[in-house]
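Worksheet for the structure shown next.
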Amino acid sequence: MKNPMRNFFSRVLWDSSLERGEVWVRYISRGAAQGYEEFTGSEIVRGTRDGVVIARGGAEKYIPYHRIVEIRYGGKEGRVVFLRSEGVYSFRL
């Protein structure tokens with residue numbers, strides 16, 4: 001079975017018709033004060049079978065797909081692509 005989130009991040013990396021900087025992602029981060037951190041599509045280095053790798057502050061950081069709780073296209077206030085708490089799984093752009 002295909003992983004829709006993996007397919008989505010592959011498209012962000014390789015589809016030139018998408019604006020990578022418009023992809024906004026919130027994920028669970030145990031080290032963050034609020035419990036969440038965010039990144040944009042511009043920070044994505046590569047996708048893996050189980051997560052995505054971002055570049056931040058000169059270092060790479062691995063984020064497993066199961067920690068991602070929200071994805072929007074069009075920035076932080078953009079269209080919801082994925083919202084775990086509401087059961088929204090619309091990976092179409």
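For this structure, a couple of remarks:
- Count of region 4-49 residues, restricted to those that are touching a residue at least 24 places away in the same chain (Cβ under 8 Å), among the aliphatic types (A, V, I, L, M), out of contact with any helix residue (DSSP H, G or I) (no Cβ under 7 Å at 6 or more places or on another chain) and more than 19 Å from residue 88 (Cα to Cα), is 1.
- If you go through region 72-93 and pick out every residue that is open to solvent by 50 Å² or more (accessible area, probe 1.4 Å), part of a loop (DSSP other than H, G, I, E, B), without any contact (Cβ under 8 Å) to a residue 24 or more places away in the chain and not basic (Lys, Arg), you end up with 1.
- The combined condition, being part of a loop (DSSP other than H, G, I, E, B), more than 11 Å from the chain's Cα centre (by Cα) and loosely packed, with under 13 Cβ neighbours inside 10 Å, is fulfilled by residue 31.
- Among residues that are in contact with a strand residue (DSSP E or B) (Cβ under 8 Å, 6 or more places away or on another chain) and over 14 Å from residue 71 (Cβ atoms), residue 17 is not included.
The values are calculated or read from the model by the stated rules, or taken from the named source; none is laboratory data. Because the structure is predicted, anything quoted here is derived from the model rather than measured. Reconstructed Cβ throughout: ideal geometry from the backbone, glycine too, with neighbour counts over all protein chains shown. To get the accessible areas, we keep the full protein, side chains included, count just its heavy atoms, and leave off ligands, DNA and RNA. Shrake-Rupley method; radii C 1.70, N 1.55, O 1.52, S 1.80 Å.
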